[in-house]
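The values are calculated or read from the model by the stated rules, or taken from the named source; none is laboratory data. Everything numeric here is computed off the predicted structure, so don't read it as measured data. Note that we place each Cβ from the backbone using ideal geometry, even for glycine, and neighbour counts take in every protein chain shown.
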Amino acid sequence: MPVNDVLRGNIPYSMILNVSLSPASVANATSAEQTFTVNGLQVGDFINVAKPTTQAGLGIVNARVSAANTLAITFMNATASTITPTASEVYAVAVDRPFSSPPSSM
């Protein structure tokens with residue numbers, strides 16, 4: 001396989017953070033991205049977020065690093081009423097940081 005076929009295949013850095021978040025309310029039948037400060041995050045990190053409790057109709061549909069130290073989570077509300085996510089919960093945030101380019105020895 002040519003080297004340029006795998007540009008970011010290796011993950012030399014992986015961690016799980018426990019982050020206390022207090023998301024704002026999400027309007028009915030919509031999705032909304034909210035941002036939170038999480039020190040150490042870098043643009044290009046792969047993010048997976050787990051909410052510690054369930055709330056009927058509320059889902060996390062995307063998570064990304066929108067800027068250095070900024071976690072962006074898109075919440076979805078599939079109900080006919082506004083939902084406010086539980087305040088001050090500790091979310092698990094998995095961070096995988098891939099190589100930004102292949103090693104020069106390849």
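Numbers below:
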{"read-out": "Residue check, Ala80 of a type in the set (Gly, Ala, Ser) and either modelled with pLDDT under 95 or more than 19 Å from Ala32 (Cβ to Cβ) (or both)", "value": "no"}
{"read-out": "Failed item, numbered, when Pro52 is tested on (1) free of Cβ contacts under 8 Å to residues at least 40 places away in the same chain; (2) not in a strand (DSSP E or B)", "value": "(1)"}
{"read-out": "Residue match in segment 10-31 (condition: modelled with pLDDT under 95 and out of contact with any strand residue (DSSP E or B) (no Cβ under 9 Å at 6 or more places or on another chain))", "value": "yes"}
{"read-out": "For Asn62: the one exception among (1) polar (S, T, N, Q); (2) at pLDDT 95 or above; (3) part of a loop (DSSP other than H, G, I, E, B)", "value": "(3)"}
{"read-out": "Test: residue in segment 42-55 that is of a type in the set (A, V, I, L, M, F, W, C), closer than 20 Å to Pro85 by Cβ, modelled with pLDDT of 95 or more and touching a Pro at 6+ places or on another chain (Cβ under 7 Å)", "value": "no"}
{"read-out": "Residue in segment 78-91 that is in contact with an Asp or Glu (Cβ under 8 Å, 6 or more places away or on another chain), within 30 Å of Asn10 (Cβ to Cβ) and part of a strand (DSSP E or B) present", "value": "no"}
